1. Within the stretch 291-299, does at least one residue satisfy the condition of being modelled with pLDDT under 95, in contact with a helix residue (DSSP H, G or I) (Cβ under 9 Å, 6 or more places away or on another chain) and surrounded by fewer than 23 Cβ atoms within 10 Å (Cβ to Cβ)?
2. Could we say that Leu240 is assigned by TED's automatic domain parsing to the domain that holds Asn107 and among the hydrophobic types (A, V, I, L, M, F, W, C) here?
3. Just to verify a result, which residue in the stretch 338-375, among those that are acidic (Asp, Glu) and in a loop (DSSP other than H, G, I, E, B), is farthest from Met289 (Cα to Cα)?
4. Would you check which residues across the stretch 85-106 are in a strand (DSSP E or B) and touching a Ser or Thr at 6+ places or on another chain (Cβ under 7 Å) and list them?
5. Kindly indicate whether any position in the stretch 318-335 is hydroxyl-bearing (Ser, Thr, Tyr) and in contact with a strand residue (DSSP E or B) (Cβ under 6 Å, 6 or more places away or on another chain).
6. Residues that are surrounded by 20 or more Cβ atoms within 10 Å (Cβ to Cβ), of a type outside the set (D, E, K, R) and farther than 30 Å from Ile150 by Cα: does the stretch 263-271 have at least one?
7. Take the residues in the stretch 93-107 that are more than 10 Å from the ligand (Cβ to nearest atom) and modelled with pLDDT of 95 or more, then tell me which one is nearest to Ser79 (Cα to Cα).
Amino acid sequence: MSLRKKLLQGDKEIVIFGAGYIGYSTAAFFARKGVASTIIDIDPQKIEIISQGRTPYKDMETWIGFDVKPFNALIKATSDWLKVILRGNPVYFISVNTEKDGEPWDNALSDVCSKIAKDPGRPLVIVESTLAPNWTDNIMKPILGSRAKIAVAPRRDWFTLPGMTVETLDRVVGATSKKTLGQAISVLSIISTKIHSASSHRVSELVKAVENAYRNIGIMLGYEISLAYLNTNIREVLRLCGTKWNVDEYYPSIGIGGYCIPIAPKYVLSGTEIPIQLFHAAMDVDRKMPRIIAYRLFERGIRTALILGISYKGNLKVHIASPGLRLADALMDQGIKVSIHDPLYSREELEQLSNASPVDYPNSTQNIDCIIVACDHDQYKAIPKEKLYETLEGCKRILDCIGIWAELKDKFKTMGIEYHLVGDENWL
Ligand SMILES: NC(=O)c1ccc[n+]([C@@H]2O[C@H](COP(=O)([O-])OP(=O)(O)OC[C@H]3O[C@@H](n4cnc5c(N)ncnc54)[C@H](O)[C@@H]3O)[C@@H](O)[C@H]2O)c1
């Protein structure tokens, strides 16, 4: 009987390393198709939550588009990896994090490979994590053995847009042999509807890094143009450029965050000796952006600032390469007193993450020279107008990265506040 059939009939289950957004959602999508899984993670909290039949991520169900509860019985979680491995499993998913502090990081990948290597059989290993070029050949194969059946099937999900999931999005898969590719596709097609096969694992490794590096370059070019033409509404220029059939729409912001786009050039560069100058230039723009903003705001007389949102995207509690935190540091270096707020983080968490002072917004904030909306959390959009205006007493300038308060621009003007979307005319 094929592996696919065994999984669908409940004779076999999948094992997933990593109970993060990616690993847990893999388990959820397979469970909905009737396939059982065991998730292995080193985080006892996540194990406990999943073992209690709960979903560890707020709002995940909005994104994946279904309620996981009816399928919870099919999702187990443990940290007792040896017990799971020694029973022998036909298929492993690797969904652990592969970046740390903004750099490609392979420790977790190496660790889980050394654990999978103890499986008594010859399992199929499907990697969902983002890999740097050559990690399959240089890291995974030496640990798993040259006969290892490895498929590289990176994820492309966009967590804040419902429906942009592993089920609906095109998925690229490459493998260490043709037979392994066929096996991987037969398993992945249980949950993914659009699969593109790559001729090798090396190709699919690079696809994920290169596609995000492309976006990085486009975004950074937009940022730099917005600095070069401060007197022109570059936001509008970029939006209108995006109306051309073959041009993507980008908008300027205070920096890019998250696991993928900021470090994609680093993943690509890590596999080659040949410098790709465009990537170095783009990374330089991202590095200098917060410093330039801080300098210009100081020049405009800003001495106190409040940053709203340290998550890298709205309604998601992830602060990797956080633009808000990076700007807070640059503002403080410039001599500006900075407060921070994020409804998804406790005061203690904010204190651990930044030297800026956490505040209870919108309940206790007044006389701040500049408010920077770094993230479009729903809580900020939902502040009643009168309450919002109260918090703006003494405010001179609002810098809004996304435009959540754009329709209030005229009212702000009557209050003596200059409101700008990042990249609009005279935004800095
Ligand atoms: N989140 C995204 O937007 C996204 C999108 C596409 C691809 N990816 C990629 O998918 C991978 C996972 O992303 P994520 O968002 O789920 O990350 P995450 O940080 O939410 O989860 C990773 C999980 O792996 C666990 N882990 C770390 N080391 C481990 C080990 N040695 N053994 C077992 N568990 C271990 C962590 O405790 C954590 O629960 C990354 O490579 C990421 O780049 C992420």
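The values are calculated or read from the model by the stated rules, or taken from the named source; none is laboratory data. As the structure is a prediction and not an experimental result, all values here were calculated from the model. With ideal geometry, Cβ positions are generated from the backbone for all residues, glycine too; neighbour counts draw on all protein chains shown.
1. no
2. Criteria not met by Leu240.
3. Asp360
4. Passing the criteria: Phe93, Ile94, Pro104.
5. For the stretch 318-335, residues hydroxyl-bearing (Ser, Thr, Tyr) and in contact with a strand residue (DSSP E or B) (Cβ under 6 Å, 6 or more places away or on another chain): absent.
6. no
7. Phe93
For (1) more than 23 Å from the chain's Cα centre (by Cα); (2) surrounded by 23 or more Cβ atoms within 10 Å (Cβ to Cβ); (3) under 29 Å from Asp333 (Cβ atoms), each residue gets a yes or a no:
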{"residue": "Tyr229", "(1), (2), (3)": "yes, no, yes"}
{"residue": "Tyr259", "(1), (2), (3)": "no, no, yes"}
{"residue": "Val285", "(1), (2), (3)": "no, no, yes"}
{"residue": "Ser311", "(1), (2), (3)": "no, yes, yes"}
